[in-house]
Each structure stands twice: as structure tokens, then as C-alpha cells.
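Engineer: Below: one structure in C-alpha cells.
Quick note: the coordinates plus some simple rules give every number you see, no bench work behind them. Source: prediction; values computed, not measured. Cβ placement follows ideal geometry from the backbone for every residue including glycine, while neighbour counts extend to all protein chains displayed.
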Protein chains: 2
Amino acid sequence: MSSKLEEFAPIFRPRSHAVVGASSDITKFGGRFLRVLLTFGYPGKLYPVNPHESDILGLKTFPRVADIPESVEFATITTPASTVPGIVEECLAKGIKAVQILSSGFRELGPEGQQLEEQIARTAVRGIRVIGPNCFGVYSPAGGLTILPGGELPKESGTVAFMSQSGGYAIRGANRASGLGIRFSQIVSYGNACDINECDLLEYFYEDPKTKVILGYIEGPREGRRFFHLLREVCQSKPVIVWKGGLTKGGARAVASHTGSLAGEEMVWEGLSYQTGAIMVNSLDEMLDTALALLYLPTYRGRRLTVIGGGGGIGVAAADTCERVGLSVPLFSLELQRKLTTMVPSVGTSTRNPVDVGSPFPRPSVLRSVLETVLNEDGVDLAIISELFMSVASHMVRQTDNSALNVRMDSAVAELAQVPVEVKKRLGKPLVMVLPVEAMAPEPEHIEAEEARRKVANYYLAEGIPVFLTLERAVKALANIIGYYERRDAIASSG
Amino acid sequence: MSSKLEEFAPIFRPRSHAVVGASSDITKFGGRFLRVLLTFGYPGKLYPVNPHESDILGLKTFPRVADIPESVEFATITTPASTVPGIVEECLAKGIKAVQILSSGFRELGPEGQQLEEQIARTAVRGIRVIGPNCFGVYSPAGGLTILPGGELPKESGTVAFMSQSGGYAIRGANRASGLGIRFSQIVSYGNACDINECDLLEYFYEDPKTKVILGYIEGPREGRRFFHLLREVCQSKPVIVWKGGLTKGGARAVASHTGSLAGEEMVWEGLSYQTGAIMVNSLDEMLDTALALLYLPTYRGRRLTVIGGGGGIGVAAADTCERVGLSVPLFSLELQRKLTTMVPSVGTSTRNPVDVGSPFPRPSVLRSVLETVLNEDGVDLAIISELFMSVASHMVRQTDNSALNVRMDSAVAELAQVPVEVKKRLGKPLVMVLPVEAMAPEPEHIEAEEARRKVANYYLAEGIPVFLTLERAVKALANIIGYYERRDAIASSG
């Protein structure tokens with residue numbers, strides 16, 4: 001086992017865990033944290049620490065860390081800032097390998113807090129690793145660790161790592177990813193980064209064989225030079241997506257009062273992307289979409305797309321949207337157009353690219369033959385099937401008011417929905433689905449339609465086909481990953 | 001009644017309506033159209049026309065238009081392209097005032113289709129108005145008209161008009177708007193625009209006292225000069241949002257095969273925005289978001305925002321997002337900061353702007369006093385409450401596993417959710433909510449959470465507070481409307 005993997009084992013898979021500040025009172029942070037940990041199913045030994053209680057949720061509780069009779073690997077600290085330096089000292093004395101400090105009230109508050117934080121940092125160098133303070137800590141399904149309020153986050157591990165200087169985005173990222181086909185190896189909310197920072201985490205995720213894609217929400221890297229060199233090295237083998245918070249003036253000011261970091265400037269960060277290969281994004285959604293594209297389209301490279309839609313306007317918007325981010329929707333050859341013309345209805349369609357199959361609900365045989373034909377073309381790197389009618393809710397069937405047709409409609413939709421999966425299995429070429437939320441109203445029929453949409457989305461994800469909510473989001477993610485491969489290869493060949 | 005309103009009355013509120021191509025067979029377009037019209041509840045006289053049937057859905061059916069014994073105001077034509085010119089002639093002879101031609105197979109297909117279309121246009125000038133061909137036609141709740149498959153679209157009229165050269169975006173716009181607090185006066189899918197084009201529609205919506213905001217998805221305006229002058233005039237009193245399809249090379253090509261239009265170039269269209277005041281957008285979502293902002297924030301003008309969130313990272317991203325679109329999140333005065341500091345928890349918060357109230361689930365009293373205080377500031381034009389925890393699904397309550405607390409949590413969320421409504425009523429200053437979809441998974445608890453989110457969103461919309469799905473979308477819409485007011489006023493003062 002290499003150094004970083006060993007060093008981080010007590011953090012990501014601790015066999016024993018003290019929760020300092022645990023409480024029976026779940027209006028308290030430490031009370032909620034312990035409960036969430038139990039809900040999630042932490043498998044190791046758990047030691048609540050609180051001088052005023054002897055039993056919390058059936059667990060024997062110790063007045064101080066020193067009173068725990070067995071050895072302990074990891075501790076979570078949730079007590080007020082002023083008490084934390086002393087507790088970290090006690091943890092070091094107890095032989096605890098690492099702590100996460102969830103409490104706030106440190107550098108982000110000014111000089112007084114900064115002193116407390118520096119005290120902790122001085123303890124850390126004497127032999128205990130620290131995550132935080134002012135953070136949400138670690139979500140590590142392999143180790144049974146979760147962040148608040150993540151008691152019901154997925155228990156399966158995945159291949160995406162996410163380091164976040166924002167606790168809010170750590171939990172939001174975990175929640176949003178769960179319907180997007182993304183699972184995490186670890187999420188680390190590391191807050192003020194008084195000891196473990198983005199460089200340490202980057203080194204770990206680089207070594208970790210399970211992690212394939214690395215995400216970072218970063219406000220101000222602690223060690224700029226080290227971060228730059230590391231990023232450049234890591235990006236050669238694993239894509240790193242960086243969402244830099246505080247690139248604008250107002251954002252930079254907010255950074256200072258959030259994690260007390262120095263934010264840096266937009267231009268410097270753009271240069272960083274070219275020099276290291278990293279993918280820069282501007283929002284949580286863009287970060288997750290790009291991760292999804294990286295995971296599900298490992299063989300996709302080129303910029304030449306075809307978009308298959310039902311309705312001419314959708315094709316027009318698709319072409320505009322692709323070209324705006326630097327992807328092309330090249331005009332098909334006359335020969336290919338002629339071939340496709342024999343497959344689609346004779347009116348209300350287009351075969352020039354985008355391909356308009358005439359209706360958002362085409363015959364399955366039409367979609368199948370069109371899709372196979374375009375994916376077999378050398379000049380097409382990827383196909384997007386945009387906004388076809390792949391799911392059906394009962395009120396839509398009811399609208400037709402004809403029971404024989406209803407059955408046909410139900411099975412026709414199911415048959416249509418299977419086409420992309422069958423074609424992908426046969427041809428193995430990159431394929432993307434766009435399945436928009438059709439209506440946002442709370443009425444039962446709209447909720448049911450959304451449920452049906454999500455089920456179909458899950459079906460595609462399970463079959464290895466990425467699904468995006470809008471065409472704009474899909475093509476931005478594709479442009480991001482193409483840009484990454486190009487920069488990575490340019491950096492590699494420049495030595 | 002002025003000329004345009006009178007001229008369009010037979011189109012938007014026809015007292016009698018022939019459906020040429022109606023059929024008992026609902027696999028046929030004309031069959032589905034008639035059924036949807038009945039479902040929607042068309043209140044006038046309805047005359048199916050089909051030489052091969054005598055009764056469709058209990059309605060007496062006529063072989064030809066000429067055979068209808070009473071006078072008829074409006075006709076819908078769904079028969080194959082080659083038959084349409086003759087049918088339009090028959091309609092003219094019958095004294096029908098206007099027709100919508102849903103059939104495709106005209107100019108968008110090439111010279112032969114173009115000839116058919118020109119024949120129709122020649123008939124039109126002799127005294128019958130034509131919408132289409134190659135379109136979805138008219139949705140006009142006041143007249144009981146709807147487009148396919150819109151049998152269950154809202155029956156209430158609204159104040160937004162939407163003219164769309166794409167039928168697909170007409171129906172999608174109608175569907176998506178229904179959960180966004182937008183209702184339409186009319187939606188007109190006008191396809192190839194062989195007679196009635198965007199200029200005619202713009203004139204009508206300009207005169208129509210019910211229409212406050214005008215949306216257009218436009219591929220290639222038929223009369224460029226007239227369109228330009230009209231747009232400039234209309235924008236002085238009613239905002240017009242234009243989504244121009246086909247601004248890129250690929251998009252322009254797609255336009256040609258969709259509605260046979262000439263698409264024009266991006267630069268020309270950007271100039272158009274400055275010269276006329278119109279708001280240019282790039283997607284359906286951006287168009288609807290901007291319409292929502294215009295409708296719900298009639299008094300909002302300035303560029304100085306405050307963002308209230310729970311969690312520092314969210315404030316950082318908020319500031320970045322605002323400044324990227326030219327809105328500012330100005331640093332609060334020390335005096336204001338001091339005042340706010342007495343209201344929020346002492347750690348894990350920020351009062352500099354964005355305001356971080358420390359948690360996505362703050363005490364209602366904290367949110368109330370912060371919101372009132374910042375909205376009372378002269379230097380704040382609008383407040384955004386971003387991603388606070390305003391709705392609760394039962395699984396979230398269950399997670400806490402404590403029934404006394406559950407009741408408290410349920411009522412605490414309800415109390416928190418009411419705060420923005422109360423403050424808005426008291427102060428009347430512009431206020432925006434951002435309520436993101438938290439997870440996209442199809443599991444029952446996620447569906448339930450989304451239902452709860454939508455209900456809370458509807459509650460705000462009913463109280464006149466606009467709701468956006470993401471902060472990015474909210475601030476883009478705000479920047480769009482501010483830009484409109486500024487251009488409009490500059491044009492007005494330049495004469």
C-alpha cells in the first residue's frame with residue numbers, strides 16, 4: 001500500500017471513531033451528527049464523548065477522549081471553537097490518527113479565530129491529521145462515514161471523488177448526484193483547510209485506484225505552486241474538474257468571510273486550465289454533468305455530433321447550441337441524406353443534420369434505422385437523441401380515450417425507449433439522451449409524468465447511456481470533456 | 001374595437017369551426033386534433049369535414065366545406081399538402097374568415113412544395129387569412145382553441161403571448177409554463193408564415209389589452225424592415241423577448257429545412273436588440289424565466305442585489321453568478337453589517353453581502369429580521385433568497401426519528417416558508433426565490449420531496465413572488481429585464 005492510501009485509511013475507513021460533542025439532544029449539532037452516522041450504518045466502534053452524559057442512543061459515553069479504554073483511530077469534533085485546540089491535543093495524546101473539526105468560529109471570523117486555528121495546525125504537525133475546521137467532514141461509503149444531513153445517502157461506493165471547501169455544496173452535490181448516475185468514492189468537505197488541503201486530497205485521489213474522476217469546489221488553494229504542479233500531473237491520468245468560487249470581486253469578498261481564503265483572479269485560473277488541463281466549471285450542475293459525461297463516454301473524442309430530434313425547431317436550437325460551445329453538427333453528405341430519406345416520413349422531417357424524425361414520438365423502427373445509420377458514419381463522433389417521448393404517464397394515455405390504443409401506446413413508448421439501448425449494445429458508439437422535465441406543476445399528473453421520466457432516465461443510466469436534463473447542459477459537458485482531452489494531449493506532447 | 005383585434009377575432013375566438021380532415025381514426029392527425037379540441041372544451045359550433053365519414057364522435061360530418069349549411073368563421077386543415085390549396089379556395093368561397101393549415105409538405109420541402117404554398121398565399125390575399133402551413137396552429141384559452149397534444153392545457157387566459165415558428169416549442173412552452181406561474185393570452189405556432197407572419201402577430205399583441213409580455217421563437221422574419229420598425233415601437237410599451245433560431249451556421253441550415261426561412265446572422269440580431277430594445281435569449285427556459293421576471297417584478301429596476309443563503313459556499317457562488325451577468329452584490333456598510341450581526345448566529349455566518357444566515361434551515365425570526373433589514377436599505381434593489389429549506393417531505397422528518405421534534409420541524413418549515421410572503425406584503429420590495437430540485441432519482445422519497453418543492457413554489461407564485469430553479473437562471477432573467485428597461489429608456493430619449 002502506498003503512502004497516501006495508508007495515511008488516509010484512518011480518515012476514510014476508520015475502525016474506531018470518537019464523536020466529541022455527541023449529545024442526546026438532537027437540536028445540537030453533535031447530537032444530530034451521531035444519529036446520522038448510526039442511520040447511515042457506521043460499522044466500526046463508536047465512542048460518544050460528553051462530560052455531561054453517560055449513555056447516548058444506547059452507546060456508552062465517555063467524559064473525555066482520554067477515558068476511552070480502547071485505542072481510537074478517528075475523531076469528529078463538534079464542540080465550540082474555543083474548546084477545540086485542547087481537544088485536538090487530547091486526541092493526539094490518545095494516539096488518534098486524524099480528526100475532522102465540524103465546528104465553525106475560526107479564521108473566517110477574524111484574528112481571534114485565526115489564533116485558535118493556528119494552535120490546531122501546530123498540534124497537527126506533531127502527528128495528527130486534521131480536516132477542517134469549519135467544514136462538514138467526510139462522506140465515505142466504503143468506511144460507513146457520512147456528512148450531515150446525509151443519513152440516507154447512497155451506501156455504494158463509486159468512482160468520483162469530490163473535495164469541497166463548501167459544506168453546503170458537499171451535501172448538495174451528494175444529493176443531486178444520486179439521480180444522475182454518479183456515485184462517489186469520497187466527498188470531503190474540508191473547510192478552512194488548516195492541515196489537510198486540496199493538495200493532500202488531490203494526491204490521495206490520484207493514488208486511489210477506485211477514483212476515476214476528481215471534482216473540486218475550491219475557494220483559495222493553500223499552496224498555489226504545489227497545487228499547480230500536482231494538478232498538471234494528475235490531469236495526465238485522471239480528469240480534474242475545478243469549480244473555483246470567488247472569481248469575481250463580490251465572490252472573492254464572500255470567500256474571505258466563508259473560509260478565510262484568498263480567492264485569486266479569473267484570468268489566472270483560465271491560464272491554469274490551459275497549463276494543467278483541468279476542466280474549469282461555473283456551477284454545481286455543470287460540474288456534475290461533466291463528471292457524468294467523463295464516466296459514461298470514455299471513448300468519446302471528436303467534435304462532430306449528430307442530433308436526432310422530433311420537430312424542426314428542436315433541430316435548429318440543437319445546431320445553434322452545439323456550435324456556440326465549439327461542437328459541430330456537420331451537414332450530411334447527399335448520399336447519407338438520401339439513405340436517411342428512405343427511413344423517415346416524407347414530410348415534416350429533415351435528414352441534413354440535425355435529423356428531424358418528424359415527431360417527438362416516432363415509430364421505433366424509424367428511430368432504430370436512423371440511429372444505426374448515422375452512428376455507422378465515420379464522420380459522426382457521437383449522437384444525441386434530444387427530447388423524444390421516451391416515457392409515458394397514465395394521464396397521457398388517458399387523453400387518447402381509447403383503450404385499444406392505450407395498450408398500443410404504452411407498449412409503443414416502451415419499444416421506442418429500448419431502441420437507443422439496443423443500438424448502443426450493437427454498435428458501441430457514444431450516445432447521449434436528453435430528457436427534459438416537461439412541466440413543473442405540483443398536480444398529480446405532472447408528478448406522475450416526472451416519476452416516469454426519472455425511471456426512464458435511470459434505465460438509460462443503468463445501461464451506460466448518460467442522460468441530461470437539457471441539450472444546453474449536455475453539449476456544455478461534451479465540450480468540457482473534449483477540451484480536457486485536447487489540453488491533456490497537448491501538455492503531454494509538450495513534455 | 002381597433003382593426004387588428006377585429007381582424008383576429010375569428011382566429012382567436014371563432015364562433016364556428018370546420019375541421020377539414022377530421023376522422024374517427026385517432027391514429028390520423030385530424031382525428032387526434034378533433035378529439036383534443038373536444039377535450040379542451042371548444043365552446044363554438046364544430047363541423048368535421050371528411051368525404052368518407054358521416055359522423056365523428058357524435059358530430060354530423062360533411063363531405064366538403066361547401067356542404068355545411070350554416071356560415072363558418074374558422075377552419076383547421078389537416079389533409080395532405082397537395083389537397084390544401086383547393087380546400088383553402090373552398091373555404092374562401094364559403095366565406096370562412098381564416099384557416100390554420102397544420103399539414104406539412106410545403107416550402108420546407110423544396111420547389112414543388114413552394115408552389116403549393118404560393119398558391120395558398122395568392123388565395124389568402126383575396127380575402128382569407130392563413131396561419132401556417134407546417135404549424136401546430138393556435139392555443140387561445142379565451143376562444144377554447146388548443147394545439148396538439150394540448151387537451152389538458154390550462155383553460156385560464158393569461159398575459160403572455162407567444163408566437164412560435166416551431167410547433168414543438170409552442171407545445172413545450174405551453175407545458176413548461178404551467179408550473180412556472182405563467183399563463184398565456186395566446187400561443188400561435190405559425191410555421192412557414194405564408195400569410196400571417198410575426199409582424200401581423202406583433203401588431204395584434206401590441207393592440208391586445210390583455211397581453212403584457214410578448215415572446216417569439218423566430219427563425220426568419222418574412223418582412224425584415226417592417227419587423228424592425230414594429231419591434232422598436234412595441235418595445236416602448238410591451239417587452240418583447242426574441243429567441244432567434246438559426247444564428248449559427250448549423251442552425252441556419254436547420255432553419256432552411258424546417259420552415260424554409262433565411263436565418264440571418266448573430267451580429268445583425270445583436271444590433272437589433274440595441275436598436276429596438278428587444279430581449280434576445282438562447283433557450284426556451286431562458287425565455288420563460290425572463291417572462292416570469294417581467295410579470296412578477298414590475299417595479300424592479302436597479303442592478304444592486306442582495307443574496308440571502310444558508311452556507312458560505314452558496315454565497316460565494318451567488319456573488320460570482322451575479323457579477324458575471326453584470327449585476328452587483330455590493331458590500332454592505334459597516335453600520336448595516338453591525339445591525340445584521342446582532343440578528344444572525346455568531347459563527348458560521350456572514351453579513352457582508354451575500355448574507356449567510358449560517359444554515360439552509362435558519363430560525364424564521366432570523367430570516368424575517370435579516371430580510372426586512374436589507375430590503376429597507378436604499379442601496380438594495382432586490383433580494384434573492386437562495387436555496388433555503390422551504391419545503392419538507394416526510395422522509396426528511398423521519399430521518400430525525402423523534403416524534404416531538406417532527407411536529408416542530410414540520411411547523412418550523414411552514415413558518416420559515418411564510419416569512420418571505422409576510423415581508424413582501426409589508427414592504428412591497430422586489431423579492432425572488434430560488435428553489436432547486438434537490439435530487440433527480442425516481443425513488444418515492446425523492447418524488448415526494450419534489451412534490452413538496454413544487455407545492456411551495458406554487459405558494460410563492462400565488463403570492464406574487466417569482467421562483468426560479470437555479471440562481472444562474474434567476475440572475476440571467478433579472479439581467480435580461482434590466483437590460484430591456486435601460487435600452488427602452490435610451491431609445492425613448494433618443495427620439
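Engineer: In nm, to one decimal, how far is the A:Val125 label point from the B:Asp55 one, both placed 7 Å along Cα→Cβ?
Structural biologist: Each label point lies 7 Å from its Cα, and together they span 9.6 nm.
Engineer: Applying the Karplus parametrisation 6.51 cos²θ - 1.76 cosθ + 1.60 with θ = phi - 60° to the phi angles of segment B:29-46, what ³J(HN,Hα) value in whole Hz is obtained for each residue in order, glycine and proline being reported as x?
Structural biologist: Karplus values, whole Hz, x for Gly and Pro: 4, x, x, 5, 4, 4, 5, 5, 4, 5, 4, 5, x, 4, x, x, 7, 10.
Engineer: Going by the alpha-carbon gyration tensor, a ≥ b ≥ c the square roots of its eigenvalues, is segment B:173-320 rounded (a/c under 1.5) or, if a/c is not under 1.5, prolate (a/b greater than b/c) versus oblate?
Structural biologist: Prolate.
Engineer: Here is a further query. Quick one: compute the contact order of chain A, relative version, from alpha carbon pairs under 8 angstrom and 6+ residues apart, as a percent.
Structural biologist: Relative contact order for chain A comes out at 11 percent.
Engineer: Something else now. Once you have a ≥ b ≥ c as the square roots of the Cα gyration tensor eigenvalues for segment B:172-253, tell me rounded if a/c is under 1.5, and otherwise prolate or oblate according to whether a/b is larger than b/c.
Structural biologist: oblate
Engineer: Send over the per residue convex hull volume for the protein assembly as shown, Cα only, as a whole number of Å³.
Structural biologist: Normalising the Cα hull of the protein assembly as shown by residue number yields 167 Å³.
Engineer: Just to confirm the numbers: A:Glu156, label point 7 angstrom along the Cα-Cβ line, distances to the other copies in nm, shortest first?
Structural biologist: Here A:Glu156 shows inter-copy label distances of 4.3 nm.
Engineer: Take the alpha carbon atoms of segment B:151-171, find their center, do the same for segment B:1-55, and report the distance between the two centers in whole angstrom.
Structural biologist: Answer, in whole Å: 17.
Engineer: Counting partner chain Cβ atoms within 10 Å of every residue's Cβ in A:378-390, what's the average?
Structural biologist: Other-chain Cβ atoms within 10 Å of each residue's Cβ, averaged: 0.
Engineer: Counting only DSSP beta bridges with both residues in the protein assembly as shown, what percent are antiparallel, rounded to the nearest 5?
Structural biologist: Bridges in the protein assembly as shown that DSSP calls antiparallel: roughly 10 percent.
Engineer: Here's another thing I want to ask about it. Mind listing the phi-derived Karplus ³J(HN,Hα) values for segment B:121-126, rounded to whole Hz, using 6.51, -1.76 and 1.60 with θ = phi - 60°, and x for any glycine or proline?
Structural biologist: 4, 5, 5, 4, 5, 7
Engineer: Kindly provide the Kirkwood hydrodynamic radius of chain A in Å, to one decimal, from all pairs of distinct alpha carbon atoms.
Structural biologist: Kirkwood hydrodynamic radius for chain A: 24.7 Å.
Engineer: May I ask which residue of B:Tyr300, B:Ala441, B:Val392 lies farthest towards the positive end of the charge dipole of segment B:298-484, with charges of +1 (Lys, Arg) and -1 (Asp, Glu) on Cβ and the Cα centre as origin?
Structural biologist: It is B:Tyr300.
Engineer: Run the label-point distances for B:Val268 please: 7 Å along Cα to Cβ, every other copy, nanometres, shortest first.
Structural biologist: 4.5
Engineer: Further question on the same structure: Please report the antiparallel percentage of DSSP beta bridges with both residues in chain B, rounded to the nearest 5.
Structural biologist: 10
Engineer: Give me the dipole magnitude in Debye, nearest 20, for segment B:6-159 about the Cα centre, with unit charges on the beta carbon: positive for Lys and Arg, negative for Asp and Glu.
Structural biologist: The dipole of segment B:6-159 has a size of about 220 debye.
Engineer: Let me ask something else about it. At B:Pro298, with labels set 7 Å past Cα in the Cβ direction, how many nm apart are the copies from this one, shortest first?
Structural biologist: 5.8
Engineer: Here's another thing I want to ask about it. Can you show me the helix-derived [θ] at 222 nm for chain B, built from DSSP H runs with n ≥ 4 at -39,500 (n - 2.57) apiece and divided by the number of residues, rounded to the nearest 500.
Structural biologist: -14500 deg cm²/dmol
Engineer: Let me ask you something else. Let me check against my output: what whole-number percent is the relative contact order of segment A:1-74, with C-alpha pairs under 8 Å and at least 6 apart?
Structural biologist: For segment A:1-74, the relative contact order is 34 percent.
Engineer: Using only Cα atoms, find the angle between the long axis of helix B:403-427 and the longest principal axis of chain B, and express it within 0 to 90 degrees, rounded to the nearest 10.
Structural biologist: 70
Engineer: What does DSSP give for segment A:299-484 in terms of the percent of beta bridges that are antiparallel, rounded to the nearest 5?
Structural biologist: Expressed as a percentage, antiparallel bridges in segment A:299-484 total about 5.
Engineer: Nothing charged except the Cβ atoms of Lys and Arg (+1) and of Asp and Glu (-1): what's the magnitude of the dipole of the protein assembly as shown about its Cα centre? Round to the nearest 20 debye.
Structural biologist: My answer is approximately 140 debye.
Engineer: Can you run phi through the Karplus equation (6.51, -1.76, 1.60; θ = phi - 60°) for segment A:248-257 and list ³J(HN,Hα) in whole Hz, with x for Gly and Pro?
Structural biologist: Per-residue couplings from phi come out as 8, 4, x, x, 4, 5, 5, 4, 4, 8 Hz.
Engineer: Take the alpha carbon gyration tensor of segment B:1-147, find the square roots of its eigenvalues, order them as a ≥ b ≥ c, and report rounded if a/c is under 1.5; if not, report prolate when a/b exceeds b/c, else oblate.
Structural biologist: rounded
Engineer: Of all alpha-carbon pairs in segment B:3-294, indicate the percentage at a distance above 34 angstrom.
Structural biologist: Summing the P(r) of segment B:3-294 above 34 Å gives 16 percent of all pairs.
Engineer: Take every Cα-Cα distance within segment B:404-495, group them into 10 Å bins from 0 onward, and report for each bin the whole-number percent of pairs it holds.
Structural biologist: It works out to 14, 32, 31, 14, 6, 2, 0, in whole percents.
Engineer: Give me a single rounded figure for A:320-333: the average over its residues of other chain Cβ atoms within 10 Å of their Cβ.
Structural biologist: 4
Engineer: On to the next question. So how far, in whole Å, is the C-alpha centre of segment B:205-239 from the one of segment A:109-126?
Structural biologist: 62
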